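Chemist: The structure follows.
The values are calculated or read from the model by the stated rules, or taken from the named source; none is laboratory data. Everything numeric here is computed off the predicted structure, so don't read it as measured data. Methodologically, a virtual Cβ is constructed for each residue, glycine included, from the backbone with ideal geometry; neighbour enumeration extends over all protein chains shown. Heavy atoms of the whole protein, side chains included, go into the accessibility calculation; ligands, DNA and RNA do not. Shrake-Rupley method; radii C 1.70, N 1.55, O 1.52, S 1.80 Å.
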Amino acid sequence: MIHPVILSGGSGTRLWPMSRSLYPKQLLALVGERSLLQQTVLRVAGDFGFAPPLIIANEEHRFIIAEQLREIGAIADALVLEPVGRNTAPAACVAALRLAASEPDALMLVMPSDHVIADLAAFRAAIGRAAAAARAGRLVSLGIRPERPETGYGYIAAGVPIEGVEGAFAVSRFVEKPDSATAERYLASGEYFWNSGIFLFPAALYLAELGRLRPEMLAACEAALAGERAETDFIRLDKAAFAECPSDSIDYAVMEHTKRAAVVPVGMGWSDLGSWDALWEMSARDERGNALSGNVVAEATSNCYLRSEAGLVAAVGVEDLVVVATDDAVMVAPRNRTQEVKTLVTRLLAERRDEADALSTVHRPWGTYRALHNGHRVQVKHIMVKPGAKLSLQMHHHRAEHWVVVQGTAKIVRGNEELVLTEDQSTYIPLGTAHRLENPGKIPLHVIEVQSGSYLGEDDIVRFEDSYGRQ
């Protein structure tokens, strides 16, 4: 069996304003109806020799990931939570340690969760070749056959063929992102391939090479696993130990220094969706080259990516633009400068703009809430509670709350009282009163919440009981 290891820790800042640090691009349905994470999981599902996936994720995304797995009927071998981000090499190390403990000869397929692969048959055929090379004692990268002189990717140069393994080559060298002229030469040579960031390793070999090249990283990951804490649906790494781990990528930590590196070239309709321009490349386009999504009207417009997740976006007489509108932000950029969106997000974070971190609809394990109005001493939210779910038993020091049930049935604890409210009924939660909202019904519960008080931040919560292990 091949053990998929899916890395879901990135923030995807180049796809702002849809991708935010609290809801990154792998959790979005950018191409098709399912999220990129769901597509990645389904890519290694079914009877194709894959074990259930091991997912390494950001702790803040744990409930969203669990819900997305439930939606597609997928069961993970484990969902391991990183308390801090440390790049891909430590994440792969944690996975390798877990796998090698029970299966010393385990093969692990390390994949980012935010890539698109259009040709599934070509992907699985390449995995078969990579597995053969891995069993021959190689650390294998999938190299993408270049379709253009791309300057935004690193490259892998293929060397001599690996004896006895058709379609696999020793790595001659890894190359950083080239300039345009160099990329043209790479494309013409036929010997260079885009570095996809997808790897197939023998777990024990990866650990051996990491221990030789970066022993401090291996030691920190071993300590983080030794102090892990298992919960019902998650495994939490020891925070102090993992925080001591150096941060580095698989390429820099191991692949560029090992003599065991191999590459399997493949053309499989691959994209890492690293920019809005890349998404334009992957999208269906009209006769004028426009990719349109959502509530969009384009007149005398060509070669644009126009997307609306909220109100109408109307474009007249423009070319080669990207316009993306959400309900709290609009981003406009020339298509050839969309890589610079990351710089824009860095500025928004420095200015402490809320739009940099979270969408206006915030996901929680019990459902969602959406801010409708923020004013002086008042805030209005639309709360949706999933059937059978309930919020924590909590209280607030600085605000009172009014709840109006719009749809469904609400079971409410308010101090020593217990209430059941139905549509068009309401209640008041005084400041300092312990309270809980629950949906005992079989349809989603929708509530309008009006908060009033001197401080309305999300950190003004004292939790007494919680079904989801939150402090």
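Chemist: Ordered by residue, what ³J(HN,Hα) values in Hz, to whole numbers, does region 35-45 give under the Karplus form 6.51 cos²θ - 1.76 cosθ + 1.60, where θ = phi - 60° and Gly and Pro are x?
Modeler: Those phi angles translate into 5, 4, 4, 4, 4, 5, 5, 5, 5, 10, 9 Hz.
Chemist: For Cα pairs less than 8 Å apart in space and 6+ apart in sequence, what is the mean separation divided by the residue count of the chain, i.e. the relative contact order in percent?
Modeler: Details: 1059 pairs, mean separation 64.9, N = 471.
14 percent.
Chemist: How high is the relative contact order of region 396-466, in percent, with contacts defined as C-alpha pairs under 8 Å that are six or more residues apart? Could the numbers behind the result be given before it?
Modeler: Values: 146 pairs, mean separation 31.1, N = 71.
Relative contact order, region 396-466: 44 percent.
Chemist: Go through 86-95, 187-196 and give me the packing order, highest mean Cβ count within 10 Å leading.
Modeler: 86-95, 187-196
Chemist: For a quick protection proxy, order the peptides 251-261, 171-181, 294-304 by their average other-Cβ count within 10 Å, most packed first. Write out the running numbers ahead of the final one.
Modeler: Numbers: 251-261: 19.1, 171-181: 13.9, 294-304: 16.3.
Ranking, from highest mean packing down: 251-261, 294-304, 171-181.
Chemist: How are the Cα pair distances of region 1-95 distributed, in percent, across 10 Å bins from 0?
Modeler: For region 1-95, the pair-distance distribution reads 16, 50, 31, 3.
Chemist: Given contacts defined as C-alpha pairs under 8 Å and at least six residues apart, what's the relative contact order of region 356-443, whole-number percent?
Modeler: On the way: 175 pairs, mean separation 25.4, N = 88.
Computed value for region 356-443: 29 percent relative contact order.
Chemist: From the phi angles alone, apply the Karplus equation (6.51, -1.76, 1.60; θ = phi - 60°) to region 428-433 and give each ³J(HN,Hα) in whole Hz, x where the residue is Gly or Pro.
Modeler: Calculated HN-Hα couplings, in order: 10, 10, x, 3, x, 9 Hz.
Chemist: Another question, then. To make sure I understand the rule: partners must be lysines, Cα under 16 Å from the Cα of LYS342, and not fewer than 8 residues away in the same chain. Which ones qualify?
Modeler: Answer for LYS342, where 16 Å is the Cα cut-off: LYS25, listed by chain and number.
Chemist: Sticking with this one: Label-point separation (nm) for ILE443 and MET282, each offset 7 Å from Cα along Cα-to-Cβ?
Modeler: 3.6
Chemist: Compute the distance in nm between two label points, each set 7 Å from the Cα along the Cα-to-Cβ direction, one at HIS397 and one at LYS177.
Modeler: Label at HIS397, label at LYS177, 4.5 nm between them.
Chemist: What are the semi-axes of the equivalent ellipsoid for region 297-401, taken as the square roots of 5 times the Cα gyration tensor eigenvalues, largest first, in whole Å? Walk me through the intermediate numbers first.
Modeler: Numbers: eigenvalues 247, 58, 35 Å².
That gives 35, 17, 13 Å for the three semi-axes.
Chemist: For the chain, give me every cysteine whose Cβ has no other Cys Cβ within less than 4.7 Å, ordered by residue number.
Modeler: Lacking a cysteine Cβ partner under 4.7 Å: CYS245, CYS304.
Chemist: Taking amide H positions as placed in the peptide plane 1.01 Å from N, state which residues far from VAL406 in sequence (5 or more) or on other chains have amide H under 5 Å from it.
Modeler: Hits under the 5 Å cutoff: ASP424, HIS446, VAL447, ILE448.
Chemist: Sort 7-14, 100-107, 331-338 by packing, meaning the average of other beta carbons within 10 Å per residue, with the highest value first.
Modeler: Numbers: 7-14: 22.2, 100-107: 14.4, 331-338: 15.9.
In descending order of packing, they fall as 7-14, 331-338, 100-107.
Chemist: Let me ask something additional. Across region 65-207, how large is the tail of the calculated P(r) beyond 18 Å, expressed as a percent of all Cα pairs? Working shown, then result.
Modeler: On the way: 6514 of 10153 pairs.
Counting pairs separated by more than 18 Å, the tail of P(r) holds 64 percent.
Chemist: For region 111-176, report the % of Cα-Cα distances exceeding 18 Å. Before the final figure, lay out each step's value.
Modeler: Details: 949 of 2145 pairs.
Of all Cα-Cα pairs in region 111-176, 44 percent lie more than 18 Å apart.
Chemist: Could you order VAL380, VAL406, VAL264 so the one with the most accessible surface comes first? Probe is 1.4 Å. List each step's numbers first, then the result.
Modeler: Details: VAL380 30, VAL406 75, VAL264 0 Å².
Output order, biggest surface exposure first: VAL406, VAL380, VAL264.
Chemist: Please list, in order along region 446-452, the HN-Hα scalar couplings obtained from phi with the Karplus expression 6.51 cos²θ - 1.76 cosθ + 1.60 (θ = phi - 60°), rounded to whole Hz, x for Gly and Pro.
Modeler: 10, 10, 9, 10, 10, 9, 9
Chemist: Residues with amide H under 5 Å of ILE162's amide H, sequence separation 5 or more or different chain, H placed in the peptide plane at 1.01 Å from N; which?
Modeler: The list, which skips near neighbours in sequence, is ALA168, PHE169, ALA170.
Chemist: Using 19 Å as the cut-off for backbone N distance, which residues of region 75-98 belong to the label zone defined by a point 7 Å from the Cα of GLU216 along Cα→Cβ?
Modeler: Residues passing the 19 Å test: 84-94.
Chemist: Turning to a different aspect of this structure: If you roll a 1.4 angstrom probe over the protein chains with everything in place, what fraction of the accessible area of the chain belongs to carbon and sulfur, to the nearest %?
Modeler: On the way: 10480 of 21220 Å².
The nonpolar share, carbon plus sulfur, comes to 49 percent.
Chemist: Sticking with this structure for a sec: How would you classify region 361-438 from its alpha-carbon gyration tensor, with a ≥ b ≥ c the square roots of the eigenvalues: rounded for a/c under 1.5, else prolate if a/b is greater than b/c, otherwise oblate?
Modeler: Working: a/c = 1.38, a/b = 1.06, b/c = 1.31.
It is rounded, given that a/c, with a ≥ b ≥ c, falls under 1.5.
Chemist: Be a star and scan region 428-471 for residues whose amide nitrogen sits under 19 Å from the point 7 Å along the Cα-to-Cβ vector of ASN374.
Modeler: Residues passing the 19 Å test: 449-461.
Chemist: Here is a further query. How much accessible surface does ASP286 have with a 1.4 Å probe, in Å² rounded to 10?
Modeler: ASP286 exposes around 60 Å² with every protein chain in place.
Chemist: Regarding region 268-323, what are the three Cα extents along the principal axes, ordered largest first, in Å?
Modeler: That works out to 35, 24, 15 Å along the principal axes.
Chemist: I've got another one for you. Between GLY154 and residues 5 or more places away or on another chain, which pairs have amide H atoms under 5 Å apart, with H built 1.01 Å from N, and which residues are they?
Modeler: ASN195
Chemist: Suppose each label sits 7 Å from its Cα in the direction of the beta carbon; what would the THR361-GLU60 distance come out to in nanometres?
Modeler: Calculated label separation equals 2.0 nm.
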